[in-house]
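First comes the structure, then the notes that go with it.
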Number of protein chains: 2
Amino acid sequence: MRMLETGRPAEDEVDELELLTRPGREDELRTFLLLLHPADIAELFDELDHSARVQVLRNLQPERAAEMLAELDPDAQEAIFSAVQPELIAPVVHQMESDDAADLLQELDKQTAQQVLENLPDDYAADVSRLLRYDPSTAGGLMQTELAHVPISCTVGAALDAVRAAADDVDIISVFVIDDGGRYAGNVALQDLVLSKASRPLEEVMEPKVVEVGPDVDQEEVARIFDHYSLVELAVVDGKGRLLGRITADDVHEVLVEEAEEDLLKLAGTAAESDVIYSDKVFSIVGQRLPWLGSTFMAGLFASWILNSASVVFQTAVILLMFVPVITGMSGNVGTQSAMIMIQGMASGHVDPDNLAKTIVKDITVCIIMALTCGVAATLIVGAWRADWPLGLCVGVALALSMTTASVLGSTEPALLKRFGIDPAVAAGPLITSINDISGVLIYTGVAVFFLDYLGGV
Amino acid sequence: MRMLETGRPAEDEVDELELLTRPGREDELRTFLLLLHPADIAELFDELDHSARVQVLRNLQPERAAEMLAELDPDAQEAIFSAVQPELIAPVVHQMESDDAADLLQELDKQTAQQVLENLPDDYAADVSRLLRYDPSTAGGLMQTELAHVPISCTVGAALDAVRAAADDVDIISVFVIDDGGRYAGNVALQDLVLSKASRPLEEVMEPKVVEVGPDVDQEEVARIFDHYSLVELAVVDGKGRLLGRITADDVHEVLVEEAEEDLLKLAGTAAESDVIYSDKVFSIVGQRLPWLGSTFMAGLFASWILNSASVVFQTAVILLMFVPVITGMSGNVGTQSAMIMIQGMASGHVDPDNLAKTIVKDITVCIIMALTCGVAATLIVGAWRADWPLGLCVGVALALSMTTASVLGSTEPALLKRFGIDPAVAAGPLITSINDISGVLIYTGVAVFFLDYLGGV
């Protein structure tokens, strides 16, 4: 398990900072803050009371305050904005990269966000407002507008001048190159500019573009592209190929962490809205979790109905009903294992259309071996325990058959769902798991009827 | 769900490349390959037969062949190395970054790896051998030895010269600065070098180090540090603070993807060794999956034993046994939901020691509301269906109580396990889920006994 624990700051560091925020100790406070990384200040900040927070904000240089604000969690950001006047906070926001500023304003209520925007310089406010219009989970939502770009016709020296002109508020890894039609054409790494003679034409030094994305491309696709080409930055362009902004590797890190979190929550049957799940809105949380339990509920009742339909059989051999938990538990579990392995294999590339059939056959082979092992074990354990070998055999056969069926369902469902355009992760969720449970109960009932009617056993 | 599909190349592109690998078409082949990114060549390469692969390797420049090799999956890498002579492949390996070369040699059998090492230049072979000694899941296993470093006493101009000297085989984002004692002291971004006068002392321009790691630090901690400080590279130092290498952001991407995959497989009860799970070793896969099913098996049998112990009760009311699937399904599901929410919250920082108690209380409140809803629904549905209201009430009360118990177990277990140093993800795995199932059956049996003995109902 990832244990990305938020390293909590030492108590004494918080106490020291608190003391320094008292009136008259501003010089010491500034020195103390200077020695810390903004990300570490953010962690201390979280532990402070309101007046101490304001004092810290006042005594941080705007660039560092901006970096710190970007690191705070949304609740703390909101608390600051609702307590401090927009005129005071706007200069700090102005120091943020445009994507961080947009992310932050997204979290605020409409009115506060509007007030902050009104206190920002016009062109910066326009950039941020434009970013706010993109869905946060798309390339447009991830990109920042700050970048250095030069026409393809210029020289290495002119490109370096562009870096120098832009560099005050932009972190530059490479310079974006624009062709004569105004379209994005490629990049030149800062390193290659430094290595080349100033008079050399840029065209000889640049790397032509390999890939670019539109602003509506989903963030998962963006992460995939970064991974595939081992990128450090990626150009976002409009329909005519004109540069809109760039996405950097650290934004993609956040996507990967967020997507992994949503996957886990979705598999647990919690509809994947982590802001709601970790909020204080009890009834909204119920609204997210209950529907998933509903499918399990219906499946459970359906299983009960199947057992009840065969009640003539079970009335004569009540003991058979006692073993229902073994059957449902095992078939549910083996089906989930198979589904998860296929889903994850499809996502990671271990399983692709070329080896899909082979992988399914292999999975079913593995499950048949496990099913036989468990079936034999159940026969021996139940037979010996109840001194009733027909009963043992009935449970063992039913267990082996239902586990095999569950594995066939579990390993084929993800690919089938995907073919119909449904997220295969659903296959490991409560809905499909319930279907596998029902198949287990059905098979068990069938085997029980067979043993009692045809073999006269149990 | 992350859909990081390995975009499969178009059929016709593969066919075209295959044609170009025939004898006498080398010039066309080289032109074709020049237009593709090495990552895309790797995808086409995967589809080729052996002789075509050799022909492609021969007609790629070594740097690009190296990039392509690093992108291939381990099976394809192994196939190449077992078929091509070490003397031919060594020049390509030499073009790889040392961490990629070490990753690749790790995948080969010992003898082949040794042969490749012997054909590499001595100092490079020594670097790679050193990297091979680190555990692949630590900072040492992630780092590369290629970097540019300068003494703190030099000027901006001298640092730029160091970049120029190193740059041919190293991608440089910043230059590492070494203090007078030979210890890592900080970095200076390439951008800041470009911006500053050549005569300026480096010490005025550099950023003092914020963080560094030892080679044994776990890769998850490395990922956390990258995330916390929004890093693009991180220094790895020995016990005396001397620079051993650097970790770059793209290596950390791979860690995040890999860890997410292992988390999912672990939750599915498959002991998290993805190389085994996706291999062809059927019995090894059984060995990884079966133990987890074993705990479910034991728990199921234990539940059967509980039901059997109360068989006097259930003999008189067989119908009660028919509803066992509803009880186990629902309590298992709600417990897993609660556990997953806590585990994920603890991993992502939504849940920390400050709000742990509050979060648990909130979770149990949510679950009580859901339990009451489901309990009332079960009473009404079962009561109406069987026209037996005491039966309905018995099932409803048992369901509500077992769901509440499961949520208490599910939401408290992760924090308890963590306190005892056990990975909290275990709480959502088969072992603990089984315990929750058993508690459901126990409560159900208790409620049934109470209804029959004390109320004389059902």
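Quick note: the coordinates plus some simple rules give every number you see, no bench work behind them. Everything numeric in this text was worked out from a predicted model, so none of it was measured. Here the Cβ positions follow ideal geometry from the backbone for every residue, glycine too, while neighbour counts run over all protein chains shown.
Structure above, values below:
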quantity: Inverse mean reciprocal Cα-Cα distance (Kirkwood Rh) of the protein assembly as shown, Å; calculated: 30.7 Å
quantity: Cut-off under 5 Å, modelled amide H: who pairs with B:G186 long-range; calculated: B:V177, B:K209
quantity: Debye intensity ratio I(q)/I(0), log10, chain A, q values 0.08, 0.11 Å⁻¹ (C-alpha model); calculated: -0.70, -0.99
quantity: Length gained when the stretch B:D73-B:S137 is fully extended (0.36 nm per residue, less Cα-Cα span); calculated: 21.2 nm
quantity: Along chain B, longest interval not containing exposed chymotrypsin sites (Phe, Trp or Tyr not before Pro), exposed being DSSP loop plus at most 14 other Cβ atoms within 10 Å; calculated: B:1-419
quantity: Counting all C-alpha pairs of the range A:5-109, share separated by more than 22 Å (%); calculated: 24 percent
quantity: Rounded Å value of the spacing that divides the Cα centres of the range B:344-368 and the range A:341-369; calculated: 36 Å
quantity: Size of charge dipole - the protein assembly as shown - debye, nearest 20, with Cβ of Lys, Arg +1 and Asp, Glu -1, no other charges; calculated: 4220 debye
quantity: Order of B:E212, B:E67, A:E28 under a 10 Å beta carbon neighbour criterion, fewest first; calculated: A:E28, B:E212, B:E67
quantity: For the range B:36-172, fraction of C-alpha pairs farther apart than 25 Å, in %; calculated: 31 percent
quantity: Per-residue [θ]222 nm for chain A (sum of -39500 (n - 2.57) over DSSP H runs n ≥ 4, rounded to 500); calculated: -21000 deg cm²/dmol
quantity: Spatial separation of Cα centroids for the range B:194-224 and the range B:30-98, in angstrom; calculated: 34 Å
quantity: Sorted by Cβ density within 10 Å, fewest first, the residues A:R246, A:R224; calculated: A:R224, A:R246
quantity: Helical segments meeting 24 Å axial Cα length and Kyte-Doolittle 1.0 threshold in chain A (DSSP H); calculated: A:356-386, A:430-453
quantity: Peptide A:338-346, shielding by other chains (average Cβ, 10 Å cutoff); calculated: 5
quantity: Calculated diffusion of the range A:149-248, Stokes-Einstein form, Kirkwood radius summed over Cα pairs, 4 °C and 1.567 mPa s, µm²/s; calculated: 93 µm²/s
quantity: Exposure proxy ranking, count of Cβ atoms within 10 Å, fewest first, for B:R64, A:R30, B:R419; calculated: B:R419, A:R30, B:R64
quantity: Computed over the range A:11-132: relative contact order in percent, which uses C-alpha pairs under 8 Å that are six or more apart; calculated: 21 percent
quantity: Rounded, prolate or oblate (a/c below 1.5 giving rounded, otherwise prolate when a/b exceeds b/c) for the range A:296-444 by Cα gyration tensor; calculated: oblate
